[in-house]
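Asks: One structure is given below, represented as structure tokens, and several questions about it will come after.
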Amino acid sequence: MRLPTTLSALLTGAATVVASTVVSLGVQLANPAPALAWENGLARTPPMGFNNWNFTHCESIFNETTIKRVADAFVSSGLRDVGYQYVNIDDCWALPQRNAQGNLVADPARFPSGMKALGDYIHARGLKFGIYTSAGTKTCNTAGFPGALGHEQQDANLFASFGVDYLKYDNCNNQGVDAIQRYTAMRDALINTGRPIVYSITEWGRTEPKVWTWGAPVGNLWRTTGDISDNWSSMISRVHTNDDLAQYAGPGHWNDPDMLEVGNGGMTATEYRTHFSLWAMMSAPLLIGSNVPNLSTTNLDILRNTDIIALDQDPLGHQATIVSSSGGLVVYRKALSNGDIAVALLNETGSTATVSTTASAIGMPGGSSYTLKDLWSKATRTTSGTISSSVPSHGTVVYRVTRNGGTPPAAGTRQLSDQTSLSSTNGWGPIEKDRSVNTRTAGDGRTLTIGGTTYAKGLGAHAQSTITYHLGGRCSTVVADVGIDDETGTNGRAVFQIWRDGAKVADSGGRTGSQGPLRITADVSGGNRLLLAVIDGGDGINSDHADWANAQVTCS
Ligand code: GLA
């Protein structure tokens, strides 16, 4: 990347680094909503709950009695009290035909009391209600239940009238209509209902551009894989598809490697512990897919492991990344909001093996010692830096690692524009850059609205770029010099914004190249999540640059 000439002239010294340059990825932000969906306030941690699909499919056991029993069991088994909240129903709840008003109708054989009554039953137990349809003309089941393509607002309104809190929106029978267009249409319909509804994009990562590159402004989570099956190879292959996608996950927008199989009988208890451990490490939704009232104590205890759940629900929202992987022995690390790091030691091989890493390798150097809490056995021990365990075949040992004493990370100012300097491998604990998203629309005459302000686009392309950082509540002030380089265009214009935990705390207003650079500051005290956004409405995006330069944050 290069510095804009105007900023280069102003800023001297080697520390100047360009953080963000608008880049074309060919993604369309069609008909932007009043606010970007990552600020819709829902799913700040991955959704937890239930979905019937994995154990019922469309068999007759999928009915009102079964779902009510699950809601009751959530309460009686304590699952509600450890965080499971959504009771979601899947495909085959509706009749094959809409009614005379064009509305979906609940199948009276399966759901004689109707959907509103089911939602009321679920809500009366302190739980939330989720429903399913497809972004196509029909859902996925071969019986051909109606989908919402072309009926988005009518169906969203109906779901809101049922008291729906969560929509799983599938991808079958989509008639080849562009996925971003289809999923954005339902996002806008859900917003129009005025009801807060978690929005699950079930596109499976099927088409280009991949859903994880455009999902965050559209939905709260998106399937990254095809359907899971209740066996080891299916489960572990979903993990590895997700391995490279950590940068796309964060509060309000999650990768979804599909629903849990724990309790369905196709894996051993060791394998189910691995399944649950890795879903939590990946900040995946924890949607139980088994018959909850019939769960064995062993499986209930897996699903009720509050230490593992705490990893999934950690407010930092950091999806685990691979530290090392060799011969089926894999080490994952996940940064946590209190400065601890979770480590998963996975053994994919056919026999017991020792899996090892170190405090330095996971990004936690400098401690005089470390406490390792085994989150399954609950044993704790102290180490000087080696993190190692014998792990059974297909097993996973999960440690929560706490640094004891030693040299704390230095206080002071850090370049936000340098990803490496924010990495906890440099001792910065929870302060991490987690994603950088660049989107662009072609010159289509639309505007872009962020945080209630509408920005007119220029004559040519329109782009936005966001970079998000985890601050862990440790930082106070952001200072940045922003500007655009208009060397080849004539109409370049950009807006620079700083957001703290979903609230805008600085806005440059529209800037043109001829105005030169501008220094903006923002108070991010106590904030966990910092987002730098550039909205460029000028022409010649491919040659012009809109840049953060010398962006710094002061932390304790
Ligand atoms: C697709 C989805 C599944 C399930 C079925 C229902 O296959 O990926 O999760 O919803 O449709 O037909």
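The values are calculated or read from the model by the stated rules, or taken from the named source; none is laboratory data. Keep in mind it's a predicted model, so treat the numbers as computed, not measured. Here Cβ is always computed from backbone atoms with ideal geometry, including for glycine, and neighbour counts include all displayed protein chains.
Asks: For the structure I just gave you, tell me whether residue 293 is modelled with pLDDT of 95 or more and in contact with a Pro (Cβ under 6 Å, 6 or more places away or on another chain).
Replies: no
Asks: Quick check: is even one residue across region 117-129 out of contact with any Leu (no Cβ under 6 Å at 6 or more places or on another chain), of a type outside the set (Phe, Trp, Tyr) and within 16 Å of the ligand (Cβ to nearest atom)? Spell out the reasoning first.
Replies: Here is the first cut: in region 117-129, the residues out of contact with any Leu (no Cβ under 6 Å at 6 or more places or on another chain) are 117-129.
Pick out the ones that are also of a type outside the set (Phe, Trp, Tyr) and you get 117-120, 122-128.
Remaining after also requiring within 16 Å of the ligand (Cβ to nearest atom): none.
Checked region 117-129: no residue is out of contact with any Leu (no Cβ under 6 Å at 6 or more places or on another chain), of a type outside the set (Phe, Trp, Tyr) and within 16 Å of the ligand (Cβ to nearest atom).
Asks: Further, regarding this structure: Test residue 160 against the criterion of being more than 15 Å from the ligand (Cβ to nearest atom), among the small types (Gly, Ala, Ser) and touching a Leu at 6+ places or on another chain (Cβ under 6 Å), and give yes or no. Outline the logic, then answer.
Replies: Details: more than 15 Å from the ligand (Cβ to nearest atom): yes; among the small types (Gly, Ala, Ser): yes; touching a Leu at 6+ places or on another chain (Cβ under 6 Å): no.
For residue 160, the condition - more than 15 Å from the ligand (Cβ to nearest atom), among the small types (Gly, Ala, Ser) and touching a Leu at 6+ places or on another chain (Cβ under 6 Å) - is not met.
Asks: Would you tally the residues in region 207-239 being of a type in the set (Lys, Arg) and at pLDDT 95 or above?
Replies: The first filter runs over region 207-239 and keeps only residues of a type in the set (Lys, Arg), leaving 210, 223, 238.
Now narrow it down to the ones that are at pLDDT 95 or above: 223, 238.
Residues flagged as of a type in the set (Lys, Arg) and at pLDDT 95 or above within region 207-239 amount to 2.
Asks: Quick check: is even one residue across region 522-530 under 23 Å from the mean Cα position of the chain (by Cα), outside any loop (DSSP other than H, G, I, E, B) and either modelled with pLDDT under 50 or more than 23 Å from residue 180 (Cα to Cα) (or both)? Before you say what the answer is, go through the steps one by one.
Replies: Within region 522-530, the first condition is being under 23 Å from the mean Cα position of the chain (by Cα), and the residues that meet it are 524, 526-530.
From what's left, outside any loop (DSSP other than H, G, I, E, B): 529-530.
Cutting the leftovers down to either modelled with pLDDT under 50 or more than 23 Å from residue 180 (Cα to Cα) (or both) gives us 529-530.
Yes.
Asks: I would also like to ask the following. If you check residue 129 against the conditions, is it in contact with a His (Cβ under 8 Å, 6 or more places away or on another chain) and outside any loop (DSSP other than H, G, I, E, B)?
Replies: For residue 129, the condition - in contact with a His (Cβ under 8 Å, 6 or more places away or on another chain) and outside any loop (DSSP other than H, G, I, E, B) - is met.
Asks: Next up: Looking at residue 95, is it more than 18 Å from residue 220 (Cα to Cα), in contact with an Asp or Glu (Cβ under 9 Å, 6 or more places away or on another chain) and more than 13 Å from the ligand (Cβ to nearest atom)? Full working, then the answer.
Replies: Working: more than 18 Å from residue 220 (Cα to Cα): yes; in contact with an Asp or Glu (Cβ under 9 Å, 6 or more places away or on another chain): yes; more than 13 Å from the ligand (Cβ to nearest atom): yes.
Taking the combined requirement at face value, the residue satisfies it.
Asks: Give region 116-144 a look and list any residue that's surrounded by fewer than 24 Cβ atoms within 10 Å (Cβ to Cβ) and closer than 15 Å to residue 98 by Cα, or say none.
Replies: Answer for region 116-144, where residues must be surrounded by fewer than 24 Cβ atoms within 10 Å (Cβ to Cβ) and closer than 15 Å to residue 98 by Cα: 136, 137, 138, 143, 144.
Asks: A further question on this structure: Within the bounds of region 501-508, is there any residue that is assigned to a loop (DSSP other than H, G, I, E, B), modelled with pLDDT of 70 or more and of a type in the set (Asp, Glu)?
Replies: Residues of region 501-508 that are assigned to a loop (DSSP other than H, G, I, E, B), as a first pass: 501-502, 508.
Now restrict to residues that are modelled with pLDDT of 70 or more: 501-502, 508.
Add one more test, that the residue is of a type in the set (Asp, Glu), and what stays is 501.
Yes, some residue in region 501-508 is assigned to a loop (DSSP other than H, G, I, E, B), modelled with pLDDT of 70 or more and of a type in the set (Asp, Glu).
Asks: Collect the residues in region 297-329 that are among the hydrophobic types (A, V, I, L, M, F, W, C), touching a helix residue (DSSP H, G or I) at 6+ places or on another chain (Cβ under 9 Å), outside any helix (DSSP H, G or I) and crowded, with 19+ Cβ neighbours inside 10 Å, keeping them in residue-number order. Reasoning before the result, please.
Replies: The first filter runs over region 297-329 and keeps only residues among the hydrophobic types (A, V, I, L, M, F, W, C), leaving 300, 302-303, 308-311, 316, 320, 322-323, 329.
The next check asks that each one be touching a helix residue (DSSP H, G or I) at 6+ places or on another chain (Cβ under 9 Å); those that pass are 300, 302-303, 308-311, 320, 322.
Subset that is outside any helix (DSSP H, G or I): 320, 322.
Within region 297-329, 320 is the sole residue that qualifies.
Asks: Counting residues that are touching a residue at least 60 places away in the same chain (Cβ under 8 Å) and touching a Cys at 6+ places or on another chain (Cβ under 7 Å), which strands (runs of 3 or more DSSP E) fully inside region 140-236 reach at least 1? Let's see the steps before the verdict.
Replies: Numbers: elements: 166-170, 198-201, 221-223.
Of the strands (runs of 3 or more DSSP E) lying wholly inside region 140-236, those with at least 1 residues that are touching a residue at least 60 places away in the same chain (Cβ under 8 Å) and touching a Cys at 6+ places or on another chain (Cβ under 7 Å) span 166-170.
Asks: Take residue 182 and decide whether it is farther than 16 Å from residue 130 by Cβ and of a type in the set (Lys, Arg).
Replies: Details: farther than 16 Å from residue 130 by Cβ: yes; of a type in the set (Lys, Arg): yes.
In short, yes.
Asks: Could I ask something else about it? Hey, residue 283 hits all of (1) surrounded by fewer than 24 Cβ atoms within 10 Å (Cβ to Cβ); (2) touching a residue at least 60 places away in the same chain (Cβ under 8 Å) but one; which does it fall short on?
Replies: Answer for residue 283: the failing condition is (1).
Asks: I would also like to ask the following. Just checking, which of 227, 256 is within 12 Å of the ligand (Cβ to nearest atom) and touching a Ser or Thr at 6+ places or on another chain (Cβ under 7 Å)?
Replies: Values: 227 fails: touching a Ser or Thr at 6+ places or on another chain (Cβ under 7 Å).
Residue meeting the stated conditions: 256.
Asks: If I go through region 56-75 residue by residue, how many of them are closer than 16 Å to residue 300 by Cα, of a type outside the set (Val, Ile, Thr) and surrounded by 19 or more Cβ atoms within 10 Å (Cβ to Cβ)? Quick ask: steps written out before the conclusion?
Replies: Residues of region 56-75 closer than 16 Å to residue 300 by Cα: 69-75.
Among the residues that remain, those that are also of a type outside the set (Val, Ile, Thr) are: 69, 71-74.
Checking the rest, the ones that are also surrounded by 19 or more Cβ atoms within 10 Å (Cβ to Cβ) come to 71, 73-74.
The total comes to 3.
Asks: Take the residues in region 372-416 that are touching a helix residue (DSSP H, G or I) at 6+ places or on another chain (Cβ under 8 Å), at pLDDT below 95 and outside any loop (DSSP other than H, G, I, E, B), then tell me which one is surrounded by the fewest Cβ atoms within 10 Å (Cβ to Cβ).
Replies: Across region 372-416, the extreme among qualifying residues is 415.
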